[in-house]
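Take a look at the structure below.
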Amino acid sequence: MDTLNIDYMLGLLPVMLKYLPLTLKMASIGMIAALILASLLAVVRVLKVPVLNALTIVFISFFRGTPLLVQLFLFYYGLPQVMSFLTQIDGVTATILGLTLHFSAYMAESIRAAIVGVDRSQTEAALSIGMTNLQLMRRIVLPQAARVAAPTLMNYFVDMIKSTSLAFTLGVTELMGATQKEAASSFLYFESFIMVAIVYWVMVEGLSFVQRWMEKRLNRAYQR
Amino acid sequence: MIAVRKLVKKFDGNAVLDGITLEVEQGEIIVVIGPSGTGKSTLLRCINFLEQPDGGEVQIGDVRVDATRASRAEILALRRNSAFVFQNYALFANKTALENIAEGLIVVNGWPKAKAHQRAREILERIGMSEKADAYPAALSGGQQQRIGIGRAMAAQAEVILFDEPTSALDPEWVDEVLELMKQLAVERQTMIVVTHEMQFARDVADRVIFMEGGRIVEQGPPSQLFSAPKDDRTRAFLRKVLNEVPPQCAAGI
């Protein structure tokens, strides 16, 4: 094996850090939007809201049943051809939209399972004191379901951070896109891609810390 | 006043409630007894529509609901006029003892948090649970959880509190503290309908005891009459069976 160009690798770091905020921005906006959408979808499924329930089933089936890359291409290259108002959509927006819809479909199913897992008698207790379905969801069921679903949802967040790298296929210069450009001009592909791999890895590990802290907090109410 | 008229509930075609009619005066303490599976719990659960009855009518205070065309708003109004104490406590696991009691006041009655917590503290004091205000249900004993469950029902200031076998899931050591609290409520003339197997409680506290079997009210009357001179053979058979299971010194108190 030839020697690694360590200096080049270290020199890449500042370049990468410059594009890190965009990656994090896409992932965090996508995550928050996906969480909100997934919660709504899950509640629709659990309460079996007429009409919406059927639409939700189709939505989840489509976004789980097709590759994220296909969905991104569809939003960015495809839809503007048939819907002219979408021509203004830029690569970043298309990525956030794609990540949101794609991951919300997965997360909706996790949240639904967690909701169903909350002790049914608490639902009855909430109804018995006169709460509406939405009140009992918001105040009693969702906070408890969040605790159950949290580890799975964090996994999806990790997955989402890594999936932002697909934005580069829409011409967005984010972490992966920037690395690709550097590699193409220096021809040091191994150095470039191992560095970007390390950056993603460190980011995900940092997140695991947050996850452990969060789970501890969410479990506070359940310690004897 | 609470009135139940010709209440019917069927599960898979079997009538679990077969036309129950019952009137309860304000401040009256009703205890419902009877063999397992005769619809006692179903009766309570139909009164506040946790189970949707198939026919009949329920009235609590000024809210009167026909089972066959009950609207969502009517059911909500009915539930806000009643409170329920569950066999397995059913406390909100994500809320402290204090929050469990205050929750309905905040969410349902729209009270400001500070006022609701103030009231919850008063109730905790009355049920002797002040030190446990900030404890979560998982950290409480069964008896303590059920007292909070009763506290939550008290907070609603409902026309009636429905007790569904409130001591059946408790270890024997916790039963008395829950029954004591219920007695205290009875002394304060809180209207209540209690489904229980605690015959001594029925004898000591009830204004009227109702014996149910096969989805019907077989016999009812003041405990002095129903326990000492039951009129119906089925009541006699049931009482003989359950009273033989309790220690003789209790049975002798009839």
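The values are calculated or read from the model by the stated rules, or taken from the named source; none is laboratory data. All values reported here derive from a predicted model rather than from experimental measurement. Positions of Cβ are backbone-derived with ideal geometry, glycine not excepted, and every protein chain shown enters the neighbour counts. SASA here: full protein model, heavy atoms, side chains in, ligands and nucleic acids out. Shrake-Rupley method; radii C 1.70, N 1.55, O 1.52, S 1.80 Å.
As a length-normalised measure over Cα pairs under 8 Å and 6 or more apart, the relative contact order of the range B:88-174 settles at 39 percent. Label positions at B:Arg234 and B:Gln52, each projected 7 Å from the Cα along the C-beta direction, are separated by 2.8 nm.
Note on chain A: helix-only mean residue ellipticity at 222 nm, from DSSP H runs of 4+ residues weighted -39500 (n - 2.57) and normalised by residue number, equals -25500 deg cm²/dmol.
Charging the Cβ of each Asp and Glu at -1 and of each Lys and Arg at +1, and nothing else, the dipole of chain B about its Cα centre rounds to 480 debye.
How much mean residue ellipticity at 222 nm does chain B get from its helices, if each DSSP H run of length 4 or more adds -39500 (n - 2.57) and you divide by all residues, to the nearest 500 deg cm²/dmol? Result for chain B, helices only: -11500 deg cm²/dmol.
The protein assembly as shown: D in µm²/s via Stokes-Einstein (Kirkwood Rh, Cα pairs, 10 °C, 1.306 mPa s)? For these conditions, the coefficient is 60 µm²/s. When both the range B:159-212 and the range B:79-153 are represented by their alpha-carbon centers, they are found 18 Å apart. At a threshold of 30 Å², the residues of the range A:130-166 that become less accessible to a 1.4 Å probe in the full protein assembly than in their chain on its own are A:Gly130, A:Met131, A:Gln135, A:Arg139, A:Ile140. Summed over both chains, the accessible area lost when B and A associate is about 2100 Å², using a 1.4 Å probe. Along the Cα-to-C-beta direction of B:Asp171, a point sits 7 Å from the Cα; which residues of the range B:142-161 have their amide N less than 19 Å from that point? Residues B:142-149 fall inside that zone. Along the axis of the charge dipole computed for the range A:6-222 (Cβ charges of +1 for Lys and Arg, -1 for Asp and Glu, origin at the Cα centre), the listed residues A:Leu22, A:Leu153, A:Thr93 are led at the positive end by A:Leu153.
Per-residue surface analysis assigns B:His197 an accessible area of about 80 Å², computed on protein heavy atoms at 1.4 Å probe radius.
Enter the accessible area per residue of the range A:6-222 (Å², integer; probe 1.4 Å; all protein chains in place).
50
In whole percent, what relative contact order does the range B:127-254 give with Cα contacts below 8 Å and a gap of six or more residues? Value for the range B:127-254: 17 percent. Beta bridges from DSSP with both residues in chain B: antiparallel share about 60 percent, rounded to the nearest 5.
Counting protein heavy atoms only, chain A has 67 percent of its accessible area on carbon and sulfur, 1.4 angstrom probe. A simple rule links phi to the HN-Hα coupling: the Karplus curve 6.51 cos²θ - 1.76 cosθ + 1.60 with θ = phi - 60°, which for the range B:184-189 gives 4, 5, 5, 4, 7, 6 Hz, with x for Gly and Pro. For the range A:69-224, averaging the sequence separation of C-alpha pairs within contact (under 8 Å, six or more residues apart) and dividing by the residue count gives a relative contact order of 22 percent.
In this model, which of A:Lys216/B:Lys95; A:Lys18/A:Lys181; B:Lys10/B:Lys241; B:Lys6/B:Lys241; B:Lys95/B:Lys132; A:Lys25/A:Lys162 are farther than 18 Å apart at the alpha-carbon?
B:Lys10/B:Lys241; B:Lys6/B:Lys241
Based on alpha-carbon atoms, the Kirkwood radius and the radius of gyration of the range A:1-98 give Rg/Rh equal to 1.16. In the range A:98-127, burial by the other protein chains removes 20 Å² or more of accessible area from A:Ser121, A:Gln122, A:Glu124, A:Ala125, A:Leu127, compared with the chain on its own (1.4 Å probe, ligands and nucleic acids ignored). Remark: the range A:6-222 is approximated by an ellipsoid whose semi-axes, taken from the C-alpha gyration tensor as √(5λ), come to 38, 23, 11 Å, largest first.
Burial of accessible area (probe 1.4 Å, heavy atoms of protein chains only) in the range B:71-98, relative to its chain alone, reaches at least 20 Å² for B:Leu76, B:Arg79, B:Arg80, B:Phe86, B:Asn88, B:Ala90, B:Phe92, B:Ala93, B:Asn94, B:Lys95.
By its C-alpha gyration tensor, with a ≥ b ≥ c as the square roots of the eigenvalues, how is the range B:136-254 shaped: rounded for a/c under 1.5, else prolate for a/b larger than b/c, else oblate? In terms of gyration-tensor shape, prolate. Phi-derived couplings, Karplus 6.51 cos²θ - 1.76 cosθ + 1.60 at θ = phi - 60°, listed residue by residue for the range A:21-30: x, 5, 4, 5, 5, 4, 5, 6, 5, x Hz, with x used for Gly and Pro.
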